[in-house]
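The values are calculated or read from the model by the stated rules, or taken from the named source; none is laboratory data. Only a predicted model underlies this, so the values are computations on that prediction, with no experimental measurement involved. Quick reminder, even Gly has a Cβ in these numbers, built from the backbone with ideal geometry, and neighbours come from all protein chains shown. All accessible areas refer to the heavy atoms of the entire protein, side chains included, with ligands and DNA or RNA removed. Shrake-Rupley method; radii C 1.70, N 1.55, O 1.52, S 1.80 Å.
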Amino acid sequence: MGTDMNRYRMHINGESVEARRGAWFPVYDPSTEEIIAEAPDADENDVNRAVQAARAAFDSGAWPQTTAQERGRILLRLAERIRKESAMLAELESRNSGKPIVEAEYDMADVATCFEYYGGLATKVAGYVNPVPDNALSLSLKEPVGVAGQIIPWNYPLLMAAWKLAPALAAGCTCVLKPAEQAPLTVLEMARWFADVGLPPGVVNIVTGFGETAGAPLARHPEVNKIAFTGSAAVGKLILKSAVDTIKRVTLELGGKSPNIFFADADFEAAIDGALFGVFINQGEVCSAGSRILVERSIYSRFVEGMAEKAKRIKLGAPLVRETKMGPLVSKEQYERVRAFQELGKREAKLAAGGGRPAGMGKGYYVEPTIFCNVDNSARIAREEIFGPVATVIPFNDEAEAVRIANDTPYGLAAAVWSRDIFKAFRVVKALRAGIVWVNHMQPTYVEAPWGGYKQSGFGRELGPWGIEEYLETKQVHINLNEQPIGWY
Ligand code: ADP
Ligand code: MG
């Protein structure tokens, strides 16, 4: 490949550009292992150019002084365009990331909804009058934080871009966003519409490239005021360190090892379904995956059997086939990583389903939905984020033990609890150290509700009004209404 037709360009200062050094990297279809496109392989020079553009669009007032009404309308127009082109975007997302087309269609609807939500919220950002004593007027003003650097992962490529861009733009920030090198295509498609919908040049810049060469220079750039990152815990730590020198605002969403807890009194069929959905949706490439399935001892063996039987019937296949429920993993690297955990699991626990590469798939980074039972919570497969369709099923004896095991993890992104006893369910909800807790469901995510982690799953909250707060500073203004001198000296 490498023909001009398949070469995507980045978006810097309103222009469609190549990397200064003229380098490109291949973008794959993980179901065929073939190169489907190339994207600019940006380095520090390109990042500097993008940050400069974002800085100028901010400092000139081109964006922050655009009225909130107008900023909102621009986001709504972008949402409308996304809805119009959603079939094309979903297909491209599915091809590039390997996720089933039906899931990609849901994602595109969520992308549009996210821009609509923050398009509406732009005009609801308001200050406050502080009730200070003295003859004065004291105000709290909300102001945009400045230039936001945004680094995102490959599992929900365009949706993660929306989660980052929409609140930042509504707040009046300008952005430099780096998509993941594995899945940069949909955000580059979207960038083609920025001018049409009325975004001034430099307000959103998209830089494509690898973590060390393009992500790191963005994360340490002195002219960037805030870094928003979603990705691995290891890279999150690097981001946090590189923010130190210029005291950047940082928000991090670093995944987890989320417990999905099943008490014996839960509806059995719904529970089996919820356990599988919680861990296997999007091939398990989900930061909130319910990868530790905690099951009460009295139903444990029946539960494992039920899960295994149903898992074996999950329809694996080409992402663009509508019946497909599980596509390939995103990349060779991720495939090898997950395969290694499958092999490790066979040494650490008992295999109940899957455990390898599915038979008869030919090419593509496919792995079987895999279930390990009799897992001890201290096993590596129960502690490390695998980011693939690998479930660990852990038995517990009672409520106290369930909570103890659930919280025995460095992470704290999400959790779920299944029971028909509301007293027990709500007690567990309160005891769980996690930023998102579902009851009798796992994974539903809404732009109206806060998203983010406790403990080493990161800090800061995305979505809802919480999401826009992370892109705002608070300025205290004191207006003296006394015309006399202070009279102290
Ligand atoms: P994964 O392990 O799935 O690749 P990463 O955390 O490495 O997850 O990637 C998430 C995002 O972080 C991607 O956009 C990637 O390019 C970026 N990234 C990776 N390494 C760095 C780094 N050292 N500095 C900044 N960004 C990085
Ligand atoms: Mg990486």
- For segment 253-330, which trypsin sites (Lys or Arg not before Pro) are both in a DSSP coil and crowded by at most 14 other Cβ atoms within 10 Å? Lys312, Arg313, Lys315, Arg322
- Message: So with the 1.4 Å probe, I'd like the accessible area per residue for the chain, rounded to whole Å².
- Response: 42 Å²
- Nonlocal amide H pairs with Val295, under 5 Å, H built at 1.01 Å: Phe262, Ile394, Phe396
- Task: Kindly provide the helix-only [θ] at 222 nm of the chain, computed as the sum of -39,500 (n - 2.57) over DSSP H runs of four or more divided by all residues, to the nearest 500 deg cm²/dmol?
- Result: -11000 deg cm²/dmol
- Return the carbon/sulfur percentage of the accessible area of the chain, one whole number, probe 1.4 Å, all protein chains in place. 53 percent
- Under the definition of Cα pairs under 8 Å and six or more residues apart, what whole-number percent is the relative contact order of the chain? 18 percent
- Item | Equivalent ellipsoid dimensions for segment 370-476 as semi-axes, Å, which come from the Cα gyration tensor, largest first | 28, 17, 13
- Note on the structure: With a ≥ b ≥ c from the Cα gyration tensor eigenvalues, square-rooted, and the rule rounded for a/c under 1.5, otherwise prolate when a/b > b/c and oblate otherwise, segment 16-69 is oblate
- Task: Might you work out the accessible area of Ile151 for me, using a 1.4 Å probe with all protein chains in place, and round it to the nearest 10 Å²?
- Result: 10 Å²
- Item | Hydrodynamic radius (Kirkwood) for the chain, which is based on Cα pairs only, to one decimal in Å | 23.5 Å
- Message: Within 10 Å of each candidate Cβ there may be at most 15 other Cβ atoms; applying that plus a DSSP loop requirement, which trypsin sites (Lys or Arg not before Pro) in segment 120-197 survive?
- Response: Arg192
- Excluding ligands and nucleic acids, what accessible area in Å² is computed for His11 using a 1.4 Å probe, to the nearest 10? 20 Å²
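Within the chain, which is the longest segment that contains none of the GluC sites (Glu not before Pro) sitting in a DSSP loop with at most 13 other Cβ atoms within 10 Å?
1-322
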- Note on the structure: Non-local residues with an amide H under 5 Å from the amide H of Gly14, with H modelled 1.01 Å from N and Pro and chain starts lacking one, are Gly202
